[in-house]
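*Asks:* Below is a structure I'd like to ask you about.
The values are calculated or read from the model by the stated rules, or taken from the named source; none is laboratory data. On a predicted model such as this, the values are computed, not experimentally measured, just so you know. Note: ideal-geometry Cβ built from the backbone for every residue, glycine included; neighbour counts use all protein chains shown. Protein only, heavy atoms only, side chains kept; ligands, DNA and RNA dropped before computing areas. Shrake-Rupley method; radii C 1.70, N 1.55, O 1.52, S 1.80 Å.
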Amino acid sequence: MQRWAWLGMVLAGGAGCGGTNEASGGSGRLPADPSESAGEPVASATPPPSPGPAPSSDPAPSGSAGPLVPDGVPPGPVALADLPRYDIDQAIDDVAGTFAGKVRVSFKNPGATPLARLPFLLHPNAFAELGGAPGGAGSLAVTAAHTPAGTALAWKSERPTLVSVELAPPVAPGERAEVVLEYTGRLRALPPSSNDMFEQAFASLGSFTGAGASDYGLLAMGDGLVTLSSAFPTVAPQRDGSFDTHPPARMGDLAYNGVARFHVRTAVPAGVDIVTNLVDGAPVALGDGTVAFTSDGDLVRDLVLVAGRDLARSSAMVGKTRVTSIYRTRDARGGKEALAAAAAALASFETRFGPYPYSELDVAEATLVGGAGGVEFSSMVLIAGMLYRSPDESQSQLAGLMKLWSGLSGGLGGLGGPGAGPSPSAAPPAGTGSPASLLDTMLEFTVAHEVAHQYFAGIVGNDSYRFPSLDEPAAQYAAALAIEDRHGAAAAARAADANVKMNYALYRLLGGPDRPVLRDTASFRTGVEYAALVYGKAPYLYFKLRDKLGEARLAEAMRRAVERYRFQVVSTEQWTTALEEAAGGPSSGVRATFRRYLEETHGDQDLGIDESGDFVLATLFPPEMVGTLKQAMASLGMKPGALLRMLFGGSLGDDAKVGPGLDPLQALKQLGGLGGP
């Protein structure tokens, strides 16, 4: 996923490019007409295939378009018949903000002993479990458990995010447990301004150094869009031969899962359209003003749905995959730009990392909050609605101040509009451009980052609690490659500076210490530290390997590693070993590079960061403002770091040792095993 940390600072400075907590702007404005990019030539040492014909508008669901995973796609080490299966009936009211559902789960016991209890995770309740305020997130509650025949099953709520169901009798190894759970839930109500760029920027300033949790709006409704992510009881994933019921973390992704099979029927009020990460059929009238959609998919890790009453679609083919952008009608310009970016990125990644296994890839506008710019799911990515709109549409007081500042300074180019910004063929240099062009570059990089997650987190799964060092750095690197293929090496270098390196550079300038990356998400103190190290420093291990091995050799190694671990859940160590073996063994330097960037603290040297603050100033602010700031700071005897600490309320300096932590409930069980009182 992507989470914005520097957005408020960038807009406050009027810069044209800026860093983010999990990835920010990209490298160049997208064409207004997506057909220009759907098959445009690109400059690259390894040119990607053309994404295919020009996009077509498709305002209505296309109906069942065949299987999500076409015939001939190997499922990996597990046969489809052995995967968990979820048969879900759900009904959603987008007026009251409530939903109800029933899921029949068929789970094959993979162990060597009888299975007496099946644990289910309720991911939407993570915010509450982490101490979030009531109303700050959606909620999910199990109301009943029984067999398909209706026999009641005993169940227990272990904590807000964990429910266990007793299986009577226990299920033998290799046999299937069949459980039906009924549940209800409530959507978080988001304010109408949730997709206002300046409102989100202001919110990001308020949480700049915070360590609080957020649900990112993944079970919520607001600004005409409804999002349901993981809104059903999910069997806990397998890790090291047992169920992983680890408590939620404040940082990073909210969940990870193994692959499964889904058959879903969704009832909504007539007039509401939906899109899921499965293959969706056309709506069927149920009577009384209700319609139902049927959705099916295999080898996916989760279920996500976006709904609205004014959704539009544009599509393009990339090889055998139909890429579709779904957006509110008012946001057609941004929606078509998202399509062009997604098609170009997927074409680039298929060349480097191997064939995309799904027949569909959906890119959906969603009302994301809490600093989130995008969130990934199997065969679908969500992109924050604020990235689809012109800053001219903002009603925020901050937007008014920006207009006033722009008029007074005369050098920031104003807020701009749909036609503002550089030409499609070239990315703007860091520190230039208007907020309008900033949003376009943010949109492109965000889409590329999330599409990259189709490979890293999707095809190759990982435990995002313990190993964010696997998928996020790879997605950052891949996003820069997509920019390079589309706009050239110079644009890619600027994109990496603004969207990768900037995370680390600003954190260090604010006094944050360089620390190892290879650790549990719970051990990161703040979101800024997490972004700086996971999204800022760690991705450069791939840039270093590219220099060391050459582009073709690294791409082939990554392609072979993806093929080796397709549809599995692996650790960073397993991924490192696979890359090392594919690159030629220990002499390749793969393991030493991973160790240097993930376990050691050479970030300043490796990324070329110093204490002058020149890189940060040049990236955040236009050149004329940089000169003015330097003169003002010199007259005050102030350095850039002191100015930024004053703006953001203090230093991030913290030399205390970190992690690893523990699961208190599990530790209590271990203590109980010692005997005594």
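*Asks:* Please state the shape class of the range 509-653: rounded when a/c is under 1.5, otherwise prolate if a/b exceeds b/c and oblate if not, all from the C-alpha gyration tensor. Walk me through the numbers before you get to the answer.
*Replies:* On the way: a/c = 3.06, a/b = 2.13, b/c = 1.44.
Verdict is prolate for the range 509-653.
*Asks:* With θ taken as phi - 60° and the coefficients 6.51, -1.76 and 1.60, list the Karplus ³J(HN,Hα) couplings across the range 561-567 in order, rounded to whole Hz; mark glycine and proline as x.
*Replies:* Each residue of the range 561-567 in turn: 5, 4, 5, 5, 10, 4, 6 Hz.
*Asks:* Over the range 536-615, what percent of the accessible surface lies on carbon and sulfur atoms, probe 1.4 Å? Present the calculation step by step, with values, prior to reporting the outcome.
*Replies:* Working: 1510 of 3500 Å².
After summing per-atom areas, the C and S share lands at 43 percent.
*Asks:* Can you spot the lysines whose alpha carbon is less than 30 Å from Lys544's alpha carbon? Ignore those fewer than 8 places along the same chain.
*Replies:* Once the sequence-local lysines are set aside, what remains near Lys544 is Lys501, Lys657.
*Asks:* Please turn the phi angles of the range 513-519 into ³J(HN,Hα) values with the Karplus equation 6.51 cos²θ - 1.76 cosθ + 1.60 (θ = phi - 60°), one per residue in order, whole Hz, x for glycine and proline.
*Replies:* 3J(HN,Hα) across the range 513-519, in whole Hz: x, 5, 9, x, 9, 6, 7.
*Asks:* For the range 577-593, just list the computed ³J(HN,Hα) in residue order, Karplus coefficients 6.51, -1.76 and 1.60, θ = phi - 60°, integers in Hz, with x standing in for Gly and Pro.
*Replies:* Once rounded to whole Hz, the list reads 4, 5, 5, 4, 5, 6, 8, x, x, x, 5, 5, x, 4, 5, 5, 5.
*Asks:* Shifting gears a bit: Suppose the chain between Ala81 and Asp392 were pulled fully straight at 0.36 nm per residue; how much longer would it get relative to their current alpha carbon spacing? Mind dumping the intermediate values first?
*Replies:* Values: separation 311, 0.36 × 311 = 111.96 nm, distance 5.25 nm.
Additional length available on full extension: 106.7 nm.
*Asks:* So, with a 1.4 angstrom probe, what is the percent of accessible area on the range 84-124 that is carbon and sulfur? Mind dumping the intermediate values first?
*Replies:* Values: 900 of 1620 Å².
Reported share for carbon and sulfur atoms: 56 percent.
*Asks:* So with the 1.4 Å probe, I'd like the accessible area per residue for the range 152-201, rounded to whole Å². Walk me through the intermediate numbers first.
*Replies:* Details: 2200 Å² over 50 residues.
That works out to 44 Å² per residue.
*Asks:* Sequence-distant or interchain residues sharing an amide H contact under 5 Å with Leu368, placed H: which?
*Replies:* Gly385, Met386
*Asks:* Then there is this: Pull up all non-local amide H partners of Thr290: gap of 5 or more, or a different chain, and H-to-H distance under 5 Å with H placed in the peptide plane.
*Replies:* Hits under the 5 Å cutoff: Ala270.
*Asks:* Separate question: Report the chymotrypsin sites (Phe, Trp or Tyr not before Pro) located in the range 83-146 that are in a DSSP loop and have at most 14 other Cβ atoms inside 10 Å of their Cβ, or state none. Display every interim value, and only then the final one.
*Replies:* Details: sites: Tyr86, Phe99, Phe107, Phe120, Phe127; in loops: none.
Taking the range 83-146 and a limit of 14 other Cβ atoms within 10 Å, no loop chymotrypsin sites (Phe, Trp or Tyr not before Pro) are found.
*Asks:* Hey, any idea what Rg/Rh is for the range 245-332, computing Rh the Kirkwood way over Cα pairs?
*Replies:* Values: Rg = 15.7 Å, Rh = 15.2 Å.
Using only Cα positions, Rg/Rh for the range 245-332 is 1.03.
*Asks:* Would you please report the Å³ per residue occupied by the convex hull of the alpha carbon atoms in the range 427-577? It would help to have the intermediate numbers written out before the result.
*Replies:* Details: hull volume 17.3 nm³, N = 151.
Spelled out: Cα convex hull of the range 427-577, divided by residues, is 115 Å³.
*Asks:* Give the dimensionless ratio obtained when the Cα radius of gyration of the range 493-594 is divided by 2.2 N^0.38 Å. Before the final figure, lay out the partial values.
*Replies:* Working: Rg = 14.9 Å, N = 102, 2.2 N^0.38 = 12.8 Å.
The reported ratio for this selection is 1.17.
*Asks:* Determine by what factor the alpha-carbon radius of gyration of the range 440-518 differs from 2.2 N^0.38 Å, reporting the quotient.
*Replies:* The range 440-518 yields a ratio of 1.17.
*Asks:* Which whole-number value in Å³ per residue fits the convex hull of the alpha carbons of the range 82-167?
*Replies:* 126 Å³
*Asks:* Then there is this: Non-local amide H neighbours of Val460 (under 5 Å, H modeled in plane, Pro and chain starts lacking H): which ones?
*Replies:* Hits under the 5 Å cutoff: Phe567.
*Asks:* So, one more: Counting only heavy atoms of the protein chains, get the accessible area per residue of the range 101-148 (1.4 Å probe) and round it to a whole Å² value.
*Replies:* On the way: 1920 Å² over 48 residues.
Using a 1.4 Å probe on heavy atoms only, each residue of the range 101-148 averages 40 Å².
*Asks:* If you count the DSSP beta bridges with both ends in the range 320-383, what percent of them are antiparallel, to the nearest 5? Could you put the intermediate results ahead of the total?
*Replies:* Working: 4 of 13 bridges.
Percent antiparallel among DSSP bridges in the range 320-383 is about 30.
*Asks:* Here's another thing I want to ask about it. Excluding ligands, DNA and RNA, what is the solvent-accessible area per residue of the range 246-403 at a probe of 1.4 Å, expressed in Å²?
*Replies:* Details: 4190 Å² over 158 residues.
With all protein chains present, the range 246-403 gives 27 Å² per residue.
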